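Following: one structure in structure tokens, then a few remarks.
The values are calculated or read from the model by the stated rules, or taken from the named source; none is laboratory data. Source: prediction; values computed, not measured. In this analysis, Cβ positions are derived from the backbone assuming ideal geometry, glycine residues included, and neighbour counts consider all displayed protein chains.
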């Protein structure tokens, strides 16, 4: 899961900087294009923290899935109203928000699969330990 988190975080960083440098917007509108990059940097940092120690992996993974859940909700919360607003749609903003929503949703999906797999593995290990019984005395 560390690799997936790092890859999705890196993709968010590239998305943010790509839209920032590719945009002809000015002022605050231009700076908001870096929001995916901020989420990406935090994800990469959480992946790095999780890889440092096995005890921190679970906490970092849960923090990362909370972050990407928020990222999905926030990006969709900005995208959906802009699609129904009167006037022209900012194509770059719509692309950035859609890409961020998709990347965050992918991370949530992979995380949930990973959590389910880890729980199954833990239950199997507990069942094997229980069936083995106490060692010879």
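In table form, for the structure just shown:
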{"read-out": "All positions within the range 33-57 that are over 15 Å from the mean Cα position of the chain (by Cα), part of a helix (DSSP H, G or I) and without any contact (Cβ under 8 Å) to a residue 12 or more places away in the chain", "value": "52, 54, 55, 56"}
{"read-out": "Sole residue being more than 20 Å from residue 65 (Cβ to Cβ), part of a helix (DSSP H, G or I) and modelled with pLDDT under 85, chosen from 129, 93", "value": "129"}
{"read-out": "Matching option when the condition is buried (at least 19 other Cβ atoms within 10 Å of the Cβ), at pLDDT below 90 and more than 21 Å from residue 113 (Cβ to Cβ), among 53, 33", "value": "33"}
{"read-out": "Residue check for residue 42: modelled with pLDDT of 90 or more, out of contact with any strand residue (DSSP E or B) (no Cβ under 8 Å at 6 or more places or on another chain) and under 21 Å from residue 117 (Cα atoms)", "value": "no"}
{"read-out": "Residue satisfying condition, being out of contact with any strand residue (DSSP E or B) (no Cβ under 6 Å at 6 or more places or on another chain) and either without any contact (Cβ under 8 Å) to a residue 40 or more places away in the chain or more than 24 Å from residue 37 (Cα to Cα) (or both), within set 95, 84, 110", "value": "84"}
{"read-out": "Residue within the range 14-27 that is under 10 Å from the mean Cα position of the chain (by Cα) and either under 16 Å from residue 108 (Cβ atoms) or at pLDDT 95 or above (or both) present", "value": "no"}
{"read-out": "Every residue from the range 72-98 that is touching a helix residue (DSSP H, G or I) at 6+ places or on another chain (Cβ under 7 Å) and over 24 Å from residue 8 (Cβ atoms)", "value": "89"}
{"read-out": "Selection from the range 1-28 of residues that are within 15 Å of residue 51 (Cα to Cα) and assigned to a helix (DSSP H, G or I)", "value": "2, 3, 4, 5, 6, 7, 9"}
